[in-house]
There are 2 protein chains.
Amino acid sequence: MLFADIDLLDENLDFRAHQWVGVRDGHIAYVGGAAPEEGEAASFGEVYDGRGKLLMPAFYNAHAHAPMTLLRGYAEDLPLQAWLNDLVFPFEAKITPEDCYWGTLLSCIEMARYGCVGFSDMYYHMEEGARAAIDAGVKMNLSDSLLAFDGEGLDELPVKGSLDRLTRDLQGAADGRIVVDCNVHAEYTSNPRAVADLAAYAKERGLRVQVHVSETRLEHEECKERHGGLTPVRYFESLGLFDCPTTAAHCVWVDDEDIEVLARRGVFVAANPASNMKLGSGFAPVSKMLERGVRVCLGTDGMASNNNHDMMQDLYLLALSAKGAACDPTAISPKQALAAATRTGALSQGREDCGYVGVGARADLCVLDVAGPSWTPMTNPLVNVVYAGHGADVCLTMCDGRVVYRDGQWPLVDAERAKAEVAARTRRIVGEL
Amino acid sequence: MLFADIDLLDENLDFRAHQWVGVRDGHIAYVGGAAPEEGEAASFGEVYDGRGKLLMPAFYNAHAHAPMTLLRGYAEDLPLQAWLNDLVFPFEAKITPEDCYWGTLLSCIEMARYGCVGFSDMYYHMEEGARAAIDAGVKMNLSDSLLAFDGEGLDELPVKGSLDRLTRDLQGAADGRIVVDCNVHAEYTSNPRAVADLAAYAKERGLRVQVHVSETRLEHEECKERHGGLTPVRYFESLGLFDCPTTAAHCVWVDDEDIEVLARRGVFVAANPASNMKLGSGFAPVSKMLERGVRVCLGTDGMASNNNHDMMQDLYLLALSAKGAACDPTAISPKQALAAATRTGALSQGREDCGYVGVGARADLCVLDVAGPSWTPMTNPLVNVVYAGHGADVCLTMCDGRVVYRDGQWPLVDAERAKAEVAARTRRIVGEL
């Protein structure tokens with residue numbers, strides 16, 4: 001595809017008007033202020049009229065539980081423990097592998113609708129999740145949760161077999177779109193032996209790690225009580241987990257020393273502002289983390305605590321909540337916020353050649369229709385993207401050069417069927433409860 | 001218009017499937033689970049196919065500065081005082097009456113796009129603002145700001161002449177769509193004599209009042225220093241302002257005693273979560289105010305601090321920020337949040353017969369297309385409205401029975417021209433600075 005005469009946000013997220021962007025073999029092969037020569041232009045195929053549009057890097061969702069679309073609107077307005085124990089866990093016990101496929105597929109459809117092409121996921125029945133991401137044409141870092149409630153080591157846990165199988169069957173599947181990560185659900189759902197085993201397993205195989213860290217004050221404080229004053233960050237560091245490239249989700253209650261560790265060890269922090277606010281967990285110290293050099297990315301979390309996968313809305317929320325929580329309007333810049341939702345998210349998934357608009361990058365893009373009334377005036381396009389625009393302004397989403405969403409259509413999947421399946425499966429589960 | 005076979009949120013914001021809603025002479029004349037009889041059906045005119053749609057009350061924006069669309073994206077990432085003094089005030093000094101017309105018109109267009117039919121506005125050149133609201137077919141409670149930096153009484157201030165003129169020429173204009181309110185900009189921009197005069201003026205004429213209250217900590221604390229410990233709430237109460245029906249915008253720093261006063265005096269509080277977070281002002285104690293019976297409504301504020309007029313996004317933000325700030329997932333219910341953005345907003349504007357879907361109410365409605373992936377499953381439609389849906393899902397907005405927005409079109413105004421005018425006028429002003 002050749003995007004002709006289109007405005008864009010370049011590899012530095014700087015605005016450039018009237019550009020031509022050529023996509024070939026899944027990559028961005030041309031960016032320039034004039035059309036490529038005729039022969040080269042033809043090699044890009046379809047010419048896309050870019051007037052009145054803004055091309056920018058696609059979003060990467062750094063923390064999700066994709067099958068939880070099934071739970072959207074089901075568990076509301078409850079304290080966290082009641083939410084989990086009385087509603088979420090009983091519901092999840094009824095979810096079949098096939099349910100996971102459809103729940104994940106609807107998440108992929110929703111993410112693509114709002115410009116997102118890749119997500120990091122923690123759940124179970126991950127083969128089904130991967131199948132959905134492959135079908136939808138998007139990228140997924142999947143991870144099956146390590147849960148160890150007694151003194152078990154990794155070899156004694158079912159997740160070991162799952163990890164062996166997932167890495168054997170799915171690592172790098174679909175031209176690298178599928179990446180298998182390791183996963184420690186959380187400190188309070190594991191034991192030190194299992195965590196250390198998993199860290200060694202991941203290190204040996206060069207795998208990345210996903211983990212929940214200090215989401216709630218209770219979790220943070222109880223960890224210190226259990227582990228001689230170690231916070232979750234220091235606990236995981238002491239067990240070698242951060243020897244592997246790690247994405248730590250939430251980090252709402254991290255202290256200053258934790259932040260130093262996260263920065264020094266290059267840990268990615270997936271902020272989940274919507275979920276943290278909705279569940280009353282608090283506000284992650286995003287501004288302080290950015291200031292100290294922590295690589296902050298952005299996640300939507302599960303749909304029982306958000307309740308949509310619109311990364312552009314969460315980007316707005318990331319910026320607003322960072323400023324609000326710090327009582328400081330300079331707490332985060334539009335560029336920092338947008339980088340968290342795009343390039344840093346891609347890097348958190350080990351996708352070095354993704355998340356920016358430049359020659360040589362993977363063609364993971366979205367195009368925004370900026371004709372809506374919220375985009376005028378265009379005094380500062382980047383500010384408009386972060387604060388004024390809407391995810392619904394996305395009119396085209398491309399992943400590895402393939403169109404996964406365009407003008408109300410998802411060319412690779414049957415979105416109507418996915419909605420109907422999720423609706424029916426949710427009804428079935430709710431009926432069983 | 002007869003909305004046929006449509007799902008809706010009724011006068012209690014409860015969900016009802018497969019309803020018929022008939023609109024005649026600007027009012028809702030029929031609501032039922034079956035079609036009206038043939039003769040009556042014909043009296044409603046066009047039949048609207050409601051399948052796959054959700055009809056709900058329109059939004060009322062309880063605090064705005066509509067002409068500030070001109071400043072969208074202009075003043076960013078600065079501390080409040082520098083934001084005001086270095087960027088906002090110099091820009092505003094260049095705004096002409098005609099600029100105000102176009103800035104307000106674009107705001108009306110944007111609000112209608114996202115389901116909002118009425119707004120309370122504080123600015124200047126209010127005749128021009130009213131003209132824009134009339135042209136756009138929406139409702140406006142306009143108010144020209146009282147600013148009194150020395151010891152002047154109301155008679156010595158230019159706003160007196162403006163108030164006399166506005167109430168004479170515009171009170172109740174356009175079939176009651178235009179309402180003229182009194183306005184005290186804030187404690188720190190007025191003096192007690194002028195405030196007391198204005199309160200008496202408003203009381204005598206039965207006018208409503210709009211006022212900024214405790215937006216920032218500095219304002220709140222300095223007021224106490226200046227006025228023998230009186231907070232802005234108690235200061236205004238002592239001057240008789242709350243003898244008139246009042247909407248107090250922001251109320252971020254109000255204390256427990258303030259909240260008691262606001263509740264006892266029936267003051268409407270317009271929460272502005274986006275603006276308060278973006279400017280780093282803090283979080284209003286929304287949960288506590290609701291608990292104590294304060295009538296909380298919702299505003300978008302000006303476009304230099306939000307930066308869009310999407311009330312549905314701000315509704316999401318109201319709910320999330322109330323829960324986040326209180327560290328309590330039960331801090332606000334979906335119904336409380338939605339009522340703030342609809343019925344309570346209408347009441348804050350003195351519009352008793354607006355803001356709900358029921359026979360006899362004004363036909364101020366919006367229709368949402370719920371086919372998008374964020375709306376599945378529909379386990380709890382009200383929760384989906386507050387947390388999952390998007391303002392962009394609004395496909396029809398009706399004010400007093402007239403369609404002001406439908407499927408990408410604004411039938412009453414030339415939206416393309418409004419955008420072009422605002423873009424050009426902003427360029428002119430920025431060029432002059």
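The values are calculated or read from the model by the stated rules, or taken from the named source; none is laboratory data. Just so we're clear, the structure is a prediction, and the values are computed from it rather than from any experiment. FYI the Cβ positions are ideal-geometry reconstructions off the backbone, even for glycines, and counts take in every protein chain you see. When the accessible area is computed, the model is the full protein with side chains, heavy atoms only, and any ligands, DNA or RNA have been set aside. Shrake-Rupley method; radii C 1.70, N 1.55, O 1.52, S 1.80 Å.
Take residue A:245 and decide whether it is within 14 Å of chain B (Cβ to nearest Cβ) and at pLDDT 95 or above.
no
Specify which of the listed residues (B:219, B:215) is under 29 Å from residue B:290 (Cα atoms) and out of contact with any Asp or Glu (no Cβ under 8 Å at 6 or more places or on another chain).
Answer to the check: B:215.
Which residue pairs have Cβ atoms under 6 Å apart, sit 6 or more places apart or on different chains, and have a first residue in the range B:321-348 that is more than 14 Å from chain A (Cβ to nearest Cβ) and a second that is open to solvent by 30 Å² or more (accessible area, probe 1.4 Å) and not small (Gly, Ala, Ser)?
B:343/B:356; B:344/B:295
Under the condition of being away from chain B (no Cβ under 11 Å) and in a helix (DSSP H, G or I), which residue from the range A:88-97 is least open to solvent (accessible area, probe 1.4 Å)?
Residue satisfying both the conditions and the ranking: A:88.
Residues being open to solvent by less than 10 Å² (accessible area, probe 1.4 Å) and either within 20 Å of the chain's Cα centre (by Cα) or closer than 23 Å to residue B:395 by Cβ (or both): count how many of those fall in the range A:368-386.
Looking only at that region, the number is 6.
When you go through A:374, A:333 one by one, which is the residue that is in contact with a His (Cβ under 8 Å, 6 or more places away or on another chain) and among the hydroxyl-bearing types (Ser, Thr, Tyr)?
That would be A:374, the only listed residue that is in contact with a His (Cβ under 8 Å, 6 or more places away or on another chain) and among the hydroxyl-bearing types (Ser, Thr, Tyr).
Can you name the number of the only condition in (1) assigned to a helix (DSSP H, G or I); (2) charged (D, E, K, R); (3) under 26 Å from residue A:50 (Cα atoms) that residue A:416 fails?
Status for residue A:416: all satisfied but (3).
Quick check, is residue B:131 over 19 Å from the mean Cα position of the chain (by Cα), modelled with pLDDT of 95 or more, of a type outside the set (Asp, Glu) and farther than 28 Å from residue B:251 by Cβ?
No.
Would you confirm whether any residue within the range B:48-64 is hydrophobic (A, V, I, L, M, F, W, C), farther than 19 Å from residue B:400 by Cα and not in a strand (DSSP E or B)?
No - not one qualifying residue is present in the range B:48-64.
Could you say whether any residue in the range A:167-177 is more than 26 Å from residue A:268 (Cα to Cα), open to solvent by 30 Å² or more (accessible area, probe 1.4 Å) and out of contact with any Pro (no Cβ under 6 Å at 6 or more places or on another chain)?
The answer is yes; a qualifying residue exists.
Can you find a residue in the range A:115-137 that is touching a His at 6+ places or on another chain (Cβ under 6 Å) and surrounded by fewer than 19 Cβ atoms within 10 Å (Cβ to Cβ)?
Checked against the condition, which is being touching a His at 6+ places or on another chain (Cβ under 6 Å) and surrounded by fewer than 19 Cβ atoms within 10 Å (Cβ to Cβ), the range A:115-137 yields no hits at all.
Please indicate, with yes or no, whether at least one residue in the range A:297-315 is more than 12 Å from every other protein chain (Cβ to nearest Cβ) and surrounded by fewer than 24 Cβ atoms within 10 Å (Cβ to Cβ).
no
Restricting to the range B:191-212, give me the number of residues that are open to solvent by less than 10 Å² (accessible area, probe 1.4 Å) and touching a Gly at 6+ places or on another chain (Cβ under 7 Å).
Number of matching residues: 2.
What tally of residues in the range A:231-272 results from selecting those that are more than 20 Å from residue A:207 (Cβ to Cβ), under 16 Å from the mean Cα position of the chain (by Cα) and aliphatic (A, V, I, L, M)?
The total comes to 1.
Yes/no matrix, rows are residues, columns are (1) in contact with a Phe, Trp or Tyr (Cβ under 9 Å, 6 or more places away or on another chain); (2) surrounded by 19 or more Cβ atoms within 10 Å (Cβ to Cβ); (3) touching a residue at least 12 places away in the same chain (Cβ under 8 Å); (4) aliphatic (A, V, I, L, M):
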site	(1), (2), (3), (4)
A:352	no, no, no, no
A:355	yes, yes, yes, no
A:358	no, no, yes, no
A:388	yes, yes, yes, yes
A:391	yes, yes, yes, no
A:394	yes, yes, yes, yes
A:407	no, no, yes, no
A:426	yes, yes, yes, no
A:429	yes, yes, yes, yes
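The rows are residues; the columns are (1) in a helix (DSSP H, G or I); (2) within 14 Å of chain B (Cβ to nearest Cβ).
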{"site": "A:70", "(1), (2)": "yes, yes"}
{"site": "A:74", "(1), (2)": "no, yes"}
{"site": "A:99", "(1), (2)": "yes, yes"}
{"site": "A:120", "(1), (2)": "no, no"}
{"site": "A:129", "(1), (2)": "yes, no"}
{"site": "A:140", "(1), (2)": "no, no"}
{"site": "A:143", "(1), (2)": "no, no"}
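So which of A:152, A:215, A:110 is within 14 Å of another protein chain (Cβ to nearest Cβ) and open to solvent by 10 Å² or more (accessible area, probe 1.4 Å)?
Within the list A:152, A:215, A:110, the selection yields A:215.
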